[in-house]
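The values are calculated or read from the model by the stated rules, or taken from the named source; none is laboratory data. Because the structure is a prediction, the values reported are computed rather than measured. All Cβ positions, glycine included, derive from the backbone under ideal geometry; neighbour counts span all protein chains shown.
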């Protein structure tokens with residue numbers, strides 16, 4: 001079995017795709033002509049977005065993300081967390097936690113996207129010696 005994609009429920013899929021392209025340098029893989037579903041290329045696994053409106057039409061009742069009470073986060077690894085945070089904030093992300101060196105050797109920061117999803121920006125985790 002392979003992990004294919006993660007779908008986040010957002011208000012405006014085209015706006016969200018544009019934000020993730022500008023904030024994190026991701027490339028658009030697909031946007032349905034309806035504007036209700038789109039995907040970004042993140043490697044083997046896609047990051048996908050569906051409109052909350054479409055989900056309601058399909059009988060689902062997605063709640064909005066809450067950065068102060070997250071139940072989910074996305075993590076992007078980068079060798080330069082401070083530069084990634086600066087780019088994300090310039091694109092409209094909200095700084096939640098400035099870069100911080102963790103005891104296990106990783107640098108970690110958090111921003112919130114325009115829909116309130118928590119996004120971790122971090123250095124890759126190195127295996128313990």
From 79, 114, 62, residue being in a loop (DSSP other than H, G, I, E, B), surrounded by 14 or more Cβ atoms within 10 Å (Cβ to Cβ) and free of Cβ contacts under 8 Å to residues at least 60 places away in the same chain: 62
Qualifying residues in the range 13-25 (those that are touching a strand residue (DSSP E or B) at 6+ places or on another chain (Cβ under 7 Å) and surrounded by fewer than 18 Cβ atoms within 10 Å (Cβ to Cβ)) - the one farthest from residue 92 (Cα to Cα): 14
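Output the residues belonging to the range 85-111 that are assigned to a strand (DSSP E or B) and farther than 19 Å from residue 48 by Cα.
Residues of the range 85-111 assigned to a strand (DSSP E or B): 94-101, 107-111.
The answer is 94, 95, 96, 97, 98, 99, 100, 101, 107, 108, 109, 110.
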From the options 63, 34, residue that is out of contact with any helix residue (DSSP H, G or I) (no Cβ under 7 Å at 6 or more places or on another chain) and at pLDDT 95 or above: 34
